[in-house]
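Remarks on the structure that follows.
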């Protein structure tokens, strides 16, 4: 793509092609732009200073556009210089490294290098001063394929160092053909000279980095754009590139914002990036000069991105200069190193005066994208004054490098009209601040656009989320419907199977069923009456094996019936005795219980488990009640305890744990109920008396149903009494 | 004669166009009610049921059939405005006295979760994972903040917590930056 479009479409062969024009050194222009005072002389003539190790390094785990890598170290661990702290487990992740050897103190949220000043997960490193390196494996360009190079670039934590922080391996790993690789060394913002100094001091390394980029992207030409206010840097780059035929160093006139990606593309190639597309779609890749340097270091020295040159400028500093700063150095240490004398209402800006942001806190660390720390005096960079009404002078539209209509955008931003904002291409705004700079009414236009852009992004996110939620909701409904159908089908199948089974089993079953019914009837009938008649009747229809079984069963039933009769007789006797006991008062009743229950047990000595269990339970319940009603008198409690243990041993002897458990549970429930009914003290005693009386009756008169009824009546009585006394 | 020719010509044309239109009506028939789709696209898809309908689509259908447009608290004023534009009716304030709330997501206090799966059954967008008698947790990215899981929880271990602001979601709210004196 590219050239043919520009070569004499209209047949004028004399018109040179775009490539020829570029080769001839032609530089174009872009719309708008401003000429703020550059103020670069403060720092551009001084060598890069190296800062001593700070006390602490605060390394945010995410310093680029994308996601943070997976954490590899824990607090308390010792790390070596250059050791990766996070692992890039996907393509959008870029790792961070230990800028020096030391100990990891903590991994906590810390104020981030972002205008929001929101806390971000940050690793705090205490340097040990040894500068101990991990093992390094330098690569040579000839021996590597592109994959190895890209992996090295990613593993070295390189993200665009011009300010955006886009992962470099993604930008250089494109599959589209690339015509031009543009190296952005324009550095158009006032004050900043970090790239200038880098070119002055390390031009040969930068060119090695460009060589690596060329191997990866294979462009037709490399264009290095430098503003014409950096003659030393341009000369150094020209000298370093003298051996490369297709590297062209181009100086562009000083104008803000010629360092913007789209603006520089237009300056150097006269091409415009279509709305909503990326430069690579028109065959152009742009990299910052600092990124090229970092790539050379990473590949050829195995030196990951641990430090960067930061311009520290402003009139509050006694030594404004460029400083080679470790990533993670707090801004306060950096400023102090340069002789910071703060004044009242001091502002400290990260980034340049046009696109930077004011820091809320000086503990914010320097990150991979930090190219400047600005500490100006109030006269040097006055704070925004009063905003006035727009006078429709259209200076902003003249200054806009993206050819937008800032006035219109301002109205729509204020009205929050997202449709109109999209229509007027708010997304193309590069937030350069040229409109706000020229505005005579001092309207901070770019702030309005930032808010509106954030709002638009949020709306897009919401829309996407709504779509996902809808899809999930529909998928869930479909799943529920399917499950319902499957269940219905399964039920139908089961029913059909059952029907078939019934059909298959036939008439024999009917006879068996009838026999079973007869048997059930017999069991209900009394033992002695009319047994011989049915016996003969059934004997006639049954086989001999069945006959013996039925006979045995019948014999057992008879035995049971006899036992039951015996029990009943004994119970009646016991009941009469218990009635007498009920007439006496509560305390004697309590003391009498052991003997009572013993008597009851004696009467049922014919190994009746149920009776024993019930007795035990009642005894325990009574013991509890006694404890509640008469907590002061120790003696009855003791006797009751004896009673309960006695009862317990009895139940234990029964050797039926389930029954015992049931009995215990019943006892507990009764005790609870009793406790509830005995809330008020005055009626409690009488209620207890009634209850115990009822209980003793129940205990003696083995029939549990009767006992339950008696207890219920007693409770009802107690309640009534309590109610009447309350009212 | 000319009259007859003209009549025949016009008649033929009418037949041809009729046939073409008739074919187009069958060939390019629009299946669903597009109005319902449009309304559904405007609604926030939280599926919360606060409008009184079981989900956003049923409410969209109800609006298409003439129901009020002001029954969607999660959508807030913005949704009402859009619906009013679409339906050509007057924008009304939310019918409940509800302030437009901050975006919230459900959060399960995992220590207290008994694994009853009641919230999983209540979630309209399957944003809760977990199994019977095992701890459940909320997929924050999928949660629509509809509140429907809070009520069924027998141990009240679900909270609705406001989404934390991340640098990506931050809206250049410059007034909220804590002003700090640099010394």
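The values are calculated or read from the model by the stated rules, or taken from the named source; none is laboratory data. In this text the structure is predicted, and so the values were computed from the model without any measurement. Glycine also receives a Cβ, built like all others from the backbone with ideal geometry; neighbour counts cover every protein chain displayed.
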Notebook entry, point to check: Given the structure, is residue A:370 in a loop (DSSP other than H, G, I, E, B), under 43 Å from the mean Cα position of the chain (by Cα) and buried (at least 22 other Cβ atoms within 10 Å of the Cβ)?
Noted result: yes
Check: Just wondering, is there one or more residues in segment A:76-88 that are closer than 27 Å to residue A:357 by Cβ and more than 26 Å from the chain's Cα centre (by Cα)?
Finding: no
Margin query: Test of understanding: among B:159, B:141, which residue is touching a helix residue (DSSP H, G or I) at 6+ places or on another chain (Cβ under 9 Å) and surrounded by fewer than 18 Cβ atoms within 10 Å (Cβ to Cβ)?
Written below: B:141
Next item on the list: Filter segment B:131-146 down to residues that are within 14 Å of chain A (Cβ to nearest Cβ) and assigned to a loop (DSSP other than H, G, I, E, B) and give me whichever is nearest to residue B:51 (Cα to Cα).
Entry: B:146
Next item on the list: Only one of these is touching a residue at least 12 places away in the same chain (Cβ under 8 Å), touching a helix residue (DSSP H, G or I) at 6+ places or on another chain (Cβ under 7 Å) and outside the structural domain of residue A:158 (by TED's automatic domain parsing): A:251, A:325, A:291. Name it.
Entry: A:325
Next item on the list: Output the residues belonging to segment B:101-113 that are more than 14 Å from every other protein chain (Cβ to nearest Cβ) and surrounded by fewer than 15 Cβ atoms within 10 Å (Cβ to Cβ).
Entry: B:101, B:109, B:110, B:111, B:112
Margin query: Here is a check on your reading of the model: is residue A:107 touching a residue at least 24 places away in the same chain (Cβ under 8 Å), in a strand (DSSP E or B), farther than 22 Å from residue A:323 by Cα and out of contact with any helix residue (DSSP H, G or I) (no Cβ under 7 Å at 6 or more places or on another chain)?
Written below: yes
Notebook entry, point to check: Quick one: residue B:64 ticks every box in (1) within 26 Å of residue A:476 (Cα to Cα); (2) free of Cβ contacts under 8 Å to residues at least 24 places away in the same chain; (3) buried (at least 16 other Cβ atoms within 10 Å of the Cβ); (4) away from chain A (no Cβ under 14 Å) bar one, so which box is it?
Noted result: (2)
Check: Restricting to segment A:307-329, what's the tally of residues that are farther than 16 Å from residue A:197 by Cβ and surrounded by fewer than 21 Cβ atoms within 10 Å (Cβ to Cβ)?
Finding: 2
Note to self: Of all residues being touching a helix residue (DSSP H, G or I) at 6+ places or on another chain (Cβ under 9 Å) and buried (at least 17 other Cβ atoms within 10 Å of the Cβ) in segment A:65-96, which is farthest from residue A:151 (Cα to Cα)? Just the residue, please.
What the structure shows: A:66
Note to self: Can you pull out every residue in segment A:87-100 that is farther than 17 Å from residue A:165 by Cα and not in a loop (DSSP other than H, G, I, E, B)?
What the structure shows: A:87
Check: Does residue B:125 count as closer than 20 Å to residue B:150 by Cβ, in contact with a strand residue (DSSP E or B) (Cβ under 6 Å, 6 or more places away or on another chain), within 14 Å of another protein chain (Cβ to nearest Cβ) and in contact (Cβ under 8 Å) with a residue 40 or more places away in the chain?
Finding: no
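Conditions tested, residue by residue: (1) closer than 30 Å to residue A:374 by Cα; (2) in a helix (DSSP H, G or I).
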| site | (1), (2) |
| --- | --- |
| A:121 | yes, no |
| A:163 | yes, no |
| A:176 | no, no |
| A:190 | yes, no |
| A:195 | yes, yes |
| A:202 | yes, yes |
| A:206 | yes, yes |
Note to self: Can you tell me how many residues within segment A:435-465 are touching a helix residue (DSSP H, G or I) at 6+ places or on another chain (Cβ under 8 Å) and either buried (at least 18 other Cβ atoms within 10 Å of the Cβ) or within 13 Å of chain B (Cβ to nearest Cβ) (or both)?
What the structure shows: 18
Checklist line | Hey, residue B:54 away from chain A (no Cβ under 14 Å) and closer than 20 Å to residue A:468 by Cα or not | finding: no
